[in-house]
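Every number in this text was worked out from the coordinates using simple rules, so none of it is lab data. Computed from a predicted model, the values in this text were never measured in an experiment. Cβ coordinates were reconstructed from backbone atoms using ideal geometry, including for glycine residues, and neighbour counts include every protein chain displayed.
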Amino acid sequence: MINWHRKILEKLMVKLNLDAYQVAWITFFKGILISVILYLIFIK
């Protein structure tokens, strides 16, 4: 499963011309966005 995910991610990175650093930042902001959405739905 991990190898499958790694292959898919590598193909996507090549297709979108991204490096690992850019993918890490995208993932970081995605996590913040999901956290804010969940906070607004369940806490408020």
Practice task
Could you state the angle between the C-alpha long axis of helix 20-42 and the longest principal axis of the C-alpha atoms of the chain, as a value from 0 to 90 degrees rounded to the nearest 10?
Solution key: 20 degrees
Problem - By average C-beta atoms within 10 angstrom, highest first, the peptides 36-44, 21-29 - result: 21-29, 36-44
Fill in the blank from the handout: Stokes-Einstein D for the chain (10 °C, 1.306 mPa s, Kirkwood Rh from Cα pairs), in µm²/s, comes to 131 µm²/s
Exercise for the section: Using a cut-off of 13 Å between beta-carbons, work out the net charge of the residues near Trp4 (Lys and Arg +1, Asp and Glu -1, Trp4 not included). Expected result: +2
Handout entry: Nearest-0.05 FRET efficiency for Lys7 and Tyr39, computed from C-beta distance (R0 30 Å)
Key = 0.30
